[in-house]
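Undergrad: Sharing a structure with you now.
Laboratory data are not the source of any read-out in this text; all were calculated from the coordinates shown. Remember, predicted model here, so these are calculated numbers, not experimental data. As a convention, Cβ positions derive from the backbone with ideal geometry for all residues, glycine included, and neighbour counts pool all protein chains shown.
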Amino acid sequence: MINKRLLIKNLLAHNDESSFYDKKRQLNLHSREGKAKFLKHICALSNSNPANNSYIVVGVEDQDNEIVGDDFFDDSRIQNLVNAFLENPPKIQYENVPFPNLPKDRVIGLVTIKPKSQVSFFKKGIHTILANTVFIRIGSNSVPVEEGTEIEKNYQNTETVIGIENSSRNSIQYTLDGVIDFMNFRHKDMAPKYRVFKELFVICWAGVPKKSRDKTFLSRVDIELINEQVKLFYSAQDVVTIVYNDDSFTITEYVPLGLNDKTSYYPLEEQTIHFFDNGYYKIDRQILFQPPEFNRKMLFHIYNSNLALLQKLDKGIALSDRELKDLANLPSTFMICYLNGFEDARQRLIDAKLLLKPFGNVYSSFKEALRVLRKMKYDV
């Protein structure tokens, strides 16, 4: 079992970006340009590594390898994006890896691209990339290949990558250190818990109990698979319930939605980790969300009021206390509007990013709203 934190350190220590790994300060999958850049690197790394894993490390400064971190990124639909644009798409996995020097809401992202023998290429265009384009890695660059050029299989990285992975194997010490750090330092004020599955896997979790009507949820939730140093779930906003037995651990995420200070919790996604006796585990995810319907006339009025707030911010006009309260609900309101047929609400919310960023709590809600929308569907 590979310790992903140690793997990232070994990748960064090996050398600069190469034909088997790339590093990014952050991913931007909200724009077609950002999606195109991400897909280009996936395509190139896959084609240049037919016999070994390749990697993208997210949350690292390009110049000096400083580990600065990025937001927790939910990967549950990212494979759909790859499948939508690439022919012969590789299987990819996005994992959120905590580091001790980072705030608890920041992680390093690790994208693992699984090896395959077939050549990947763009089956349709996106941004400036044309359909049928093929990319490969030359050194640290992802470059297009001229049409008709035969792609030679490259096996030169296999021994190097396997060596890095073998030196990143987990140990009892890493597991114990991870459990102690989670329980006694990072979440000692939140009644943290742990559970061992199949005498091998250790999951730690912490959250604040929150009762709504007849149901008890956990908020400010942090859940980690300690053996691999991977965050399974993190949210400062949404709430979850947790159930488990000897073989599985199930997280059900709920999203708070409502208007005029009337909030209800709607089941969003169920994520179940299944553990097996042979040291293998798999994660199943199921979207549960059914968007609530609201009176369209009322929504139209609230939506226009929120657009007016953004116009004021854009012009530098100070907001009243009442308007600041409305601003706090703006990300959730735009999400409700989008789910009720206001097709431009999602893009309007994305475009408001810089206006909302100075308002800490509002900006956190903004990121949560986009995370929830991303779970439902990538706008490809």
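Undergrad: Cut-off under 19 Å on the C-alpha distance; same-chain residues fewer than 8 positions from Lys116 excluded. Which aspartates and glutamates are left, in chain and number order?
TA: Counting by Cα, and skipping residues close in sequence, Lys116 has these aspartates and glutamates nearby: Asp22, Glu87, Glu150, Glu152, Glu159, Glu165.
Undergrad: Any chance you could check the Cα centroid distance between segment 281-327 and segment 121-160 for me, in angstrom?
TA: 41 Å
Undergrad: If you don't mind, there's one more thing I want to ask. So which of Lys24/Lys375; Lys262/Lys312; Lys23/Lys114; Lys37/Lys124 end up more than 19 Å apart, counting from Cα to Cα?
TA: With Cα atoms farther than 19 Å apart: Lys24/Lys375; Lys262/Lys312.
Undergrad: Only Cα pairs under 8 Å and at least 6 apart count here; give the relative contact order of the chain as a rounded whole percent.
TA: 14 percent
Undergrad: Based on the alpha-carbon set only, what is the convex hull volume of segment 164-230 divided per residue, in Å³?
TA: 102 Å³
Undergrad: Using +1 on the beta carbon of Lys and Arg, -1 on that of Asp and Glu, and nothing else charged, what's the dipole of the chain about the Cα centre, debye to 20?
TA: 920 debye
Undergrad: Each residue of segment 351-366 in turn: what ³J(HN,Hα) in whole Hz from Karplus with 6.51, -1.76, 1.60 and θ = phi - 60°, glycine and Pro shown as x?
TA: So the Karplus estimates, Gly and Pro as x, are 5, 7, 3, 5, 6, 8, 4, x, 9, x, 5, 5, 5, 4, 5, 4 Hz.
Undergrad: How large is log10 I(q)/I(0) at q = 0.16 Å⁻¹ when the Debye formula is applied to the Cα atoms of segment 296-376, each weighted equally and without solvent?
TA: Summing over Cα pairs of segment 296-376 leads to -0.54.
Undergrad: Rank-order 221-234, 264-277 by packing density, defined as the average count of other C-beta atoms within 10 Å over each peptide's residues, highest first.
TA: Output ranking for 221-234, 264-277: 221-234, 264-277.
Undergrad: On the principal axes of its Cα set, how long, how wide and how thick is the chain? Give whole Å, largest value first.
TA: Extents along the principal axes, in whole Å: 62, 52, 36.
Undergrad: Moving on to the next point. Taking the highest mean first, how do the peptides 22-32, 184-194 order by number of other beta carbon atoms within 10 angstrom per residue?
TA: Top to bottom by mean Cβ count within 10 Å: 22-32, 184-194.
Undergrad: Go ahead and run the numbers for FRET between Glu199 and Glu147, Cβ-Cβ distance against an R0 of 35 Å, rounding to 0.05.
TA: The calculated FRET efficiency here is 0.05.
Undergrad: List the relative contact order of segment 172-287 as a percent without decimals, with contacts defined as Cα pairs under 8 Å and 6+ residues apart.
TA: 16 percent
Undergrad: Could you please rank Cys204, Cys43, Cys337, placing first whichever residue has the fewest other Cβ atoms within 10 Å of its Cβ?
TA: By the 10 Å Cβ count, ascending, the order reads Cys204, Cys337, Cys43.
Undergrad: Over segment 4-166, what is the relative contact order in whole percent, taking alpha-carbon pairs under 8 Å and six or more residues apart?
TA: It rounds to 30 percent for segment 4-166.
Undergrad: Additional query: Label points 7 Å out from Cα along the Cβ direction at Thr128 and Ser140: separation in nm?
TA: Spacing of the two 7 Å Cα→Cβ label points: 2.0 nm.
Undergrad: Another one. Cut-off is 10 Å between beta-carbons; in what order do Val58, Val196, Val243 appear when sorted fewest neighbours first?
TA: Fewest-to-most Cβ neighbours within 10 Å comes out as Val243, Val196, Val58.
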